[in-house]
Amino acid sequence: MRGSVKFLILSAILAVAWLGGPTHEAFAASYDGKWTVLIVTEKGDCDRAYRYEVSVAGGRVRYAGDNDFKFGGTVAANGAVEVSIRRGNRGATGSGHLADQTGAGTWHGIGSSDGCSGRWEAERR
C-alpha cells in the first residue's frame, strides 16, 4: 500500500504539477520539455524520497508511467504549477512554481493509513 501512496504522490507532484487550460498553452510554452522531479517526504509514513521524469507540453504535464489513475495538472504562463492525482481512495495534490531551468513546491497526499506531505524540486533535462 505504501507503494501506491508513493506512486500517487510522486505522480501528483510531477509532476508535480502543472495548471491551466487552453488559454495558458501559448504562454506556458517556455516551460515545455522534459523535467525530472524529486519528491521528498517530510511528514508521514511514505518513502523518504523518489525521482520521476515528466514532460510538459502546451502547459500540460504528462507522465510516461502507469496510467491506471486519474492525473491532471498544468503550468500557467507565470510558472505556477498545480497537479492532482487519484487512484481509488488515495490521492495527492501539489503546487509550486517553475522558473527557466528549475522549480519547487509542496505536496500533500492521502494514503491508505495516514497522510503524507513534503516538498518537490524540479530540474529541466
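Picking from Glu42, Glu25, which residue would you name as being at pLDDT 85 or above and over 14 Å from the mean Cα position of the chain (by Cα)?
Glu42
Just checking, which of Ser95, Ser112, Ser117 is at pLDDT below 90 and either farther than 23 Å from Ser30 by Cα or surrounded by fewer than 22 Cβ atoms within 10 Å (Cβ to Cβ) (or both)?
Ser112
Considering (1) more than 23 Å from Arg124 (Cβ to Cβ); (2) of a type in the set (Val, Ile, Thr); (3) at pLDDT 90 or above, say which one Val5 fails and leave the rest.
(3)
Those residues that are farther than 22 Å from Asp32 by Cα and either out of contact with any Cys (no Cβ under 8 Å at 6 or more places or on another chain) or of a type in the set (S, T, N, Q) (or both), I need them from region 93-117; list them, please.
Passing the criteria: Ile110, Ser112, Ser113, Asp114, Gly115, Ser117.
Results for (1) at pLDDT below 90; (2) closer than 21 Å to His97 by Cβ; (3) surrounded by 16 or more Cβ atoms within 10 Å (Cβ to Cβ), shown as yes or no for each residue.
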{"site": "Arg48", "(1), (2), (3)": "yes, no, no"}
{"site": "Val54", "(1), (2), (3)": "yes, yes, yes"}
{"site": "Arg60", "(1), (2), (3)": "no, yes, yes"}
{"site": "Tyr63", "(1), (2), (3)": "yes, yes, yes"}
{"site": "Asn67", "(1), (2), (3)": "yes, no, no"}
{"site": "Gly72", "(1), (2), (3)": "yes, yes, no"}
{"site": "Val75", "(1), (2), (3)": "no, yes, yes"}
{"site": "Ala80", "(1), (2), (3)": "no, yes, yes"}
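The values are calculated or read from the model by the stated rules, or taken from the named source; none is laboratory data. Note that this is a predicted model, so its numbers are computed, not measured. Using ideal geometry, Cβ is built from the backbone for each residue, glycine included, and neighbour counts are taken over all protein chains shown.
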